[in-house]
Amino acid sequence: MRFFFGSALLSGATFLYSFAVLAQCNSSQLPLANPGRPTVSTPATLTPVGYLQFENGGLYANESPEFSNRLAINQVTKLAITSRIQLLALSEPFTHSTGAEVSGNRSGEVFVGLQTVLIKGEGYHPTVSVSYIRRLYESLAPEIDIGTFRQSAFVLVSNDIGGFHFDLNGIVTEQAEDRVRRAQFGETLSISHSIGPFTLSGELWHFSQPLTNANAVGNLWALSYPMKRNLVFDAGFNHGLTSTSTHWEGFAGFTYVLPRRLWKAREQLRATKGF
């Protein structure tokens, strides 16, 4: 709980500062958000270089093999340090579950990672990236159908064709239970299309469940709306299609990019130095 309140306090202070800065910026000067939520798929493209991006939301799930109901707050922080390298931090500051072996209020797990662009997309050629994520803190809170992992590797492909945006992910993770370790494999495909100011996303995903010799498959639908260039709201639902999948999940949240860059761009440094 101390972790939860500390995270909430830090987030509150961050957004108060951000809105103060936002009031001084023209809309055209704001960085463009690149949301990774609410789909399971992660885009191969990176966030604006030098800007912190926060992806925050809540998720409610019911009828899973590990619990009856689960409510969680999830948070992802991204920072692209170059046009090809991005740092990641993922956490669940708070979870509440019922009908599980370990029910009640708990903080969730914490992960850090790195994403690298291998091929920059142009025209019909897609952007291709790889990423690696490692767990720093293991929680006793029950997990949804895809389980948890010690470490994971991703191949990410994104492209825009005919007014549609495609995100395709191939995933391999290491799952462990006591001394048993198994490889988990996953595939996700998300397709998005703009409808006026909104973006509609549909997704189909699959993850093996190696510790139970089963498979989790789901179908996700979401709607997002850009309030500003750097602020995007989203909401949607996911429905499990197999007996070992979480039956229903509902979620809502937002993606927000701090309007001030953490360091000056090279062009700004050259102008400052008179080059």
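None of the figures in this text is laboratory data; all of them are computed from the coordinates on show. Computed from a predicted model, the values in this text were never measured in an experiment. Please note: Cβ atoms are built from the backbone with ideal geometry, for glycine as well, and neighbour counts cover all protein chains shown.
Of THR212, THR255, THR98, which has the largest mean-square fluctuation in a 10 Å C-alpha GNM of the chain?
For the chain, modelled as a Gaussian network with Cα springs under 10 Å, the answer is THR212.
Can you show me the helix-derived [θ] at 222 nm for the chain, built from DSSP H runs with n ≥ 4 at -39,500 (n - 2.57) apiece and divided by the number of residues, rounded to the nearest 500. Please list the in-between numbers first.
On the way: 2 runs with 29 residues, N = 275.
About -3500 deg cm²/dmol.
At what distance in nm do the modelled label points of SER68 and ASP160 sit from each other, each positioned 7 Å from its Cα along Cα→Cβ?
4.8
Contour minus end-to-end for ILE119 and ALA183, with contour as 0.36 nm per residue of separation and end-to-end as the Cα-Cα distance?
Working: separation 64, 0.36 × 64 = 23.04 nm, distance 2.69 nm.
This chain segment gains 20.4 nm when fully extended.
Can you compute the FRET efficiency between ALA214 and ILE81 using 1/(1 + (r/R0)^6), with r the Cβ-Cβ distance and R0 = 30 Å? Round to the nearest 0.05. It would help to have the intermediate numbers written out before the result.
Details: r = 39 Å, r/R0 = 1.31.
Efficiency, from the Cβ-Cβ distance: 0.15.
If you stretched the chain out fully between ASN105 and SER28, how much longer would it get, using 0.36 nm times the residue separation minus the C-alpha to C-alpha distance?
Full extension of this stretch gives 23.5 nm more.
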